[in-house]
Each structure stands twice: as C-alpha cells, then as structure tokens.
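For reference, the structure is listed below as structure tokens.
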Amino acid sequence: MIVSIYGFPSQDSASRDVARLAAQVVSGVGFLGAGAIIYHNAGAKGLTTAGTIWLSMAIGLACGSMNFILAFGATIIIMFVLLGLRGLERRIAAKNPTVIVAAPAELPVLSMILSECEKFNCTCTNIVSERIIRDGKELIQITFKAYSKKPDDFDTASFSESLRLRTSAQYVQVMDHR
C-alpha cells in the first residue's frame, strides 16, 4: 500500500490509481486463502484459516494506507472472534463428539453402532467407513459424529465403553475437544 501511494511519483496525480496495487493484493491473497480450503467427504475444512489470511491482508493494507485506528479496531474484533469464541466452539463440540470405532470386519459394525446410538438417544451423521489392516487383522473403521438429543445428559465415556463392548472393537476413540 505504501509503495502504491508513494512509490510511483507522477507529475499528474489525477492519472495514477493508488488502489490498483491494493486490488491485486486482494486477488492474490484471496487465491492463497482458497488454497487453504480442503474439501473432504462433502465438507470443507480450512475456512477459518482462509478467512484469517484474508483479514490479515486487510489489516496490513489498512496499516499501509495509514488507517491505524481501523487496523487496531479490526485486530481487536478478530482476536475476540478467534480466541474468545473458541470456548463456545469447544463446548458445542464436546456435546457432539466425533467417534472412531475399529472393529472386526466380519461383524455388522454399523448396525451395532446405530443400535447403541438409539440406546443413548443420539443420532449419527457424517458416517465414513473404511477397511484397514491392523496387527494382521482386517478391521472396519467407522468414523461418525454423535449428536445427542439431550446434550447435557450425554455421557461420552459410557457411550464409548458401550460401543467397545457391543462391537468387540479393537479401539474406540472419542474426540470431543475438551
């Protein structure tokens, strides 16, 4: 921004466009942010990272154009959103954990998981299954989000132990961001 404003002195100040270089920075950083977004299993990851990259560029342009109050205010707002709302995100994620179950491939593992979810009054979404080999045994690994209908009453430890016993799982991992 500083180069755009002061780097190209001209006799005729009406003929130069100081926003031209800033517009190219916006396009280039937007391209970098788009590269941070990853699509996987019909979902997108990296949106916060892409947005943060773009907002950092905007704050830099504000500093370069000597709008320090705007840059400072934007920095405070962004820090509040990124850090202050992290606790809320963790509380929501803790009540809706991602669960990974690896059980013998010859068992109807998904049916067992669904019946356990029904028993614990929760639903499964974002179900992904894959065959894996671990310690020479063929397993099916199922990853899913467990959404409880009564989040305050949902006990993830009891749920995971019940899944492990019911499916004869080699392992059950619960990722609840606590």
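Looking only at segment 155-176, filter to residues that are more than 22 Å from D135 (Cβ to Cβ) and either among the hydroxyl-bearing types (S, T, Y) or assigned to a loop (DSSP other than H, G, I, E, B) (or both); which one of those is most open to solvent (accessible area, probe 1.4 Å)? Only one residue tops the list, namely D155. Residues in segment 87-127 that are outside any helix (DSSP H, G or I) and under 11 Å from T143 (Cα atoms): P97, T98, V99, I100, V101, A102, C124, T125, N126, I127.
The set of residues from segment 15-47 being modelled with pLDDT under 80, exposed (fewer than 12 other Cβ atoms within 10 Å of the Cβ) and part of a helix (DSSP H, G or I) comprises S15, R20. Once segment 90-120 is narrowed to residues that are touching a helix residue (DSSP H, G or I) at 6+ places or on another chain (Cβ under 8 Å) and of a type in the set (D, E, K, R), the residue that is least open to solvent (accessible area, probe 1.4 Å) is E116. Does F68 satisfy being free of Cβ contacts under 8 Å to residues at least 24 places away in the same chain, exposed (fewer than 12 other Cβ atoms within 10 Å of the Cβ) and touching a helix residue (DSSP H, G or I) at 6+ places or on another chain (Cβ under 8 Å)? In short, yes.
Here G136 meets each of (1) open to solvent by 30 Å² or more (accessible area, probe 1.4 Å); (2) among the small types (G, A, S); (3) in contact with a helix residue (DSSP H, G or I) (Cβ under 8 Å, 6 or more places away or on another chain); (4) modelled with pLDDT under 85 with one exception, condition (3).
The values are calculated or read from the model by the stated rules, or taken from the named source; none is laboratory data. Being a predicted model, the structure only gives us computed values, none of them experimental. Ideal geometry is used to build each Cβ from the backbone, glycine not excepted, and the neighbour counts take in all protein chains shown. Protein only, heavy atoms only, side chains kept; ligands, DNA and RNA dropped before computing areas. Shrake-Rupley method; radii C 1.70, N 1.55, O 1.52, S 1.80 Å.
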